[in-house]
Amino acid sequence: MSGETLGGREELVTKSIHQHVASARGRFREAGLSSQGAELDARLLAQFVLGWSAERLITCGHDPVPPDFVGKYDALVERRLGREPYAYIVGQQEFWGLPFEVSPAVLIPRHETELIVEVALELFPEPGGSLKAADLGTGSGCLAVALATERPAARIVATDISGAALAVARQNAARHGVADRIEFRCADLLNDLGGPFDMIACNPPYVAERDRRGLQPEVRDHEPDVALFGGADGFHIVERLVQGASVYLRPGGYLLFEFGLGQDERIESLIADTDNLGLRELRRDLQGIARTAVVERM
């Protein structure tokens, strides 16, 4: 019995980093992650614990594990097996090439939301030009901070109904050196916004409550409901945004907002029925899916 125990301990000690990663990858697949997701998360969690680059993990991954690796790595693996998002586990997500602190108080920034920044820079192409903008439902602050880094003369009001979210956004603004040009306010969408603005940007909650059960566990069980769900049909916040935005925009100003898959026809109708607004474009992502509405104040 003592020999078996000793052998087990020796195997645990001599097991390589790659072997631990392979074991986690198999467990992730069994838990329902895609093959690609299981591969990526198993590797990235190891890199996070070790503080290594992908290249170093490839080169040194056959070495015996460093001290304390197994306990730390296994703890993070267990969290991911519970379908906690990787970004929450490591506390960070990249957006517009910048690292952003994230927590369960904020929506994890998505790549498709970068379309709003892309369009904004096209509409206001002068890096040193003045720009007065608002970011509604700022969450992690990703839109406001990305815009402020690209347009040094911009002045931005960033609002959120969640005080916890605003705390995260303020930290991200300070991290990237733009806190002096972003005013953070705790407010519900357009309430007490001020203005007029050259541009209003928003990634509103647009998931229909009836679609809750079909969401991935990472989203449904971990990301904040207030940032996800827009009422029974997903349009409650979007309608408030579109119908109220013109009051806060200067003539010739723009409203940019994200919307959900398959909502484009209803977005077009909503804007057509709203006074003082005209639809300039529905910007599509790389898959050709309409994602962002570009609306002009007439």
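The values are calculated or read from the model by the stated rules, or taken from the named source; none is laboratory data. If you're wondering where the values come from, they're calculated on a predicted model, not measured in any experiment. FYI the Cβ positions are ideal-geometry reconstructions off the backbone, even for glycines, and counts take in every protein chain you see. Calculation scope for accessible area: heavy atoms of the full protein, side chains included, ligands and nucleic acids excluded. Shrake-Rupley method; radii C 1.70, N 1.55, O 1.52, S 1.80 Å.
Of note:
- Taking amide H as placed 1.01 Å from N in the peptide plane, the amide H of F184 sits under 5 Å from that of A158, each at least 5 places away or on another chain.
- Positive-pole candidate from F124, L143, A105, dipole of segment 101-149, charges at beta carbon: A105
- Seen through its C-alpha gyration tensor, with square-root eigenvalues sorted a ≥ b ≥ c, the chain comes out prolate because a/c lies at 1.5 or above while a/b is bigger than b/c.
- Taking the longest Cα principal axis of the chain as reference, the axis of helix 17-30 is set at about 60 degrees.
- Accessible surface computed residue by residue for segment 34-170, with neighbouring protein chains in place and a 1.4 Å probe, gives 42 Å² per residue.
- Carbon and sulfur %, accessible surface of segment 152-298 computed with the full protein complex present, 1.4 Å: 47
- Using just its DSSP H runs of length 4 or more, each adding -39500 (n - 2.57), the chain gives a mean residue ellipticity at 222 nm of -12500 deg cm²/dmol after division by all residues.
- Measuring nothing but protein heavy atoms, the accessible surface of segment 104-145 at 1.4 Å probe radius is 58 percent carbon and sulfur.
- Computed from phi, the 3J(HN,Hα) profile of segment 219-235 under the Karplus parametrisation 6.51, -1.76, 1.60 (θ = phi - 60°) reads 7, 4, 9, 10, 7, x, 4, 5, 9, 10, 9, x, x, 4, 10, x, 10 Hz, with x in place of Gly and Pro.
- The chain: angle of helix 163-175 to the longest principal axis, Cα-based, in degrees nearest 10: 80
- Cα-centre dipole for the chain with unit charges at Cβ (Lys and Arg positive, Asp and Glu negative), debye to 20: 340
- Amide H partners (placed H, <5 Å) of L249, local residues excluded: F197
- Between R280 and V294, V295, E296, the built amide H atoms are under 5 Å apart, and every one of these is 5 or more places off in sequence or on another chain.
- Only Lys, Arg, Asp and Glu carry charge here, each on its Cβ (+1 for the first two, -1 for the last two); on that basis segment 47-203 has a dipole of about 260 debye about its Cα centre.
- Karplus-derived HN-Hα couplings along segment 277-292 (A = 6.51, B = -1.76, C = 1.60, θ = phi - 60°), whole Hz, x at Gly and Pro: 10, x, 7, 8, 6, 10, 6, 9, 7, 5, 8, x, 8, 5, 10, 10
- Taken one residue at a time, the phi angles of segment 112-127 give Karplus couplings (6.51, -1.76, 1.60, θ = phi - 60°) of 5, 5, 4, 4, 5, 5, 4, 5, 4, 5, 5, 6, 10, x, 7, x Hz. Gly and Pro are set to x.
- Rounded tilt (10° steps) of 69-81 against the dominant C-alpha axis of the chain: 50
- Put the Cα centre of segment 86-107 next to the Cα centre of segment 229-298 and the gap is 26 Å.
- Charge dipole (the chain, unit charges on Cβ, about Cα centre) - positive-most of I200, G230, Q47: Q47
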